[in-house]
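To start, the structure under review is shown below, and the notes come after it.
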Amino acid sequence: MPHLPRPSRRAVLGALRCAPLAAYLAPLLPRQAAAHALVMSSTPEPGARLATAPARVTLRFNSRIDHGRSRMTLFGPDNQPHPLALAAETDPALVEAALPASLPAGGFRLRWQVLAVDGHITRGDIFFTVAGR
């Protein structure tokens, strides 16, 4: 095994002194865009227990969404799929849909699938419960 020169004590201490500064500055360096659209907030929130059914569902993402190629489906207590019509785009990172007027009490699963403008598909589920009227 070849003999490598050992760093001087001064070099090691200098590197240790710079480490906190490097850790502080690292988040400020330019990065490549995220590969997938992530839900930043939703209405209703995941796991919400609601006294009455909401009139609409809203998902806010961390990036622009291709609304024409995105979709939402609501599964009710009977576990039957009910495709939802997405509302017209008002914000490139927001996806909204009106819910049927009279949802029964019970557990619901909102299944969403979006296409981010970077070409990546992301999907997921948001569960919520309607307690009843």
### Query
With a sphere of radius 15 Å drawn around the Cβ of T122, what net charge do the other residues whose Cβ falls strictly inside it have (Lys, Arg +1; Asp, Glu -1)?
+3
### Query
In nm, what is the difference between 0.36 nm times the number of residues separating T73 and S41 and their Cα-Cα distance?
9.7 nm
### Task
Quick one: which residues, 5+ away or cross-chain, put their amide H under 5 Å from the amide H of S63? H built at 1.01 Å from N.
L38
### Task
In nm, give the distance between the simple-model label positions of R123 and A101, each being 7 Å from the Cα along the Cα-to-Cβ direction.
3.2
### Summary
Any residue on another chain or 5+ positions along whose placed amide H is under 5 Å from the amide H of S70 is listed here as L115
### Task
Excluding N79 itself, calculate the net charge of residues whose Cβ lies under 13 Å from the Cβ of N79, where each Lys or Arg counts +1 and each Asp or Glu counts -1.
0
### Query
Say each of R64 and Q80 gets a label point 7 Å from the Cα, pointing the same way as Cα to Cβ; how far apart are those two points in nm?
3.9
### Task
Decide, for segment 42-124, between rounded, prolate and oblate: order the square roots of the alpha carbon gyration tensor eigenvalues as a ≥ b ≥ c, take rounded if a/c falls under 1.5, and otherwise choose prolate if a/b is larger than b/c, else oblate.
prolate
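Throughout, read-outs are computed from the coordinates displayed, never taken from laboratory work. Only a predicted model underlies this, so the values are computations on that prediction, with no experimental measurement involved. Backbone-built Cβ (ideal geometry, glycine too); neighbour counts: all protein chains shown.
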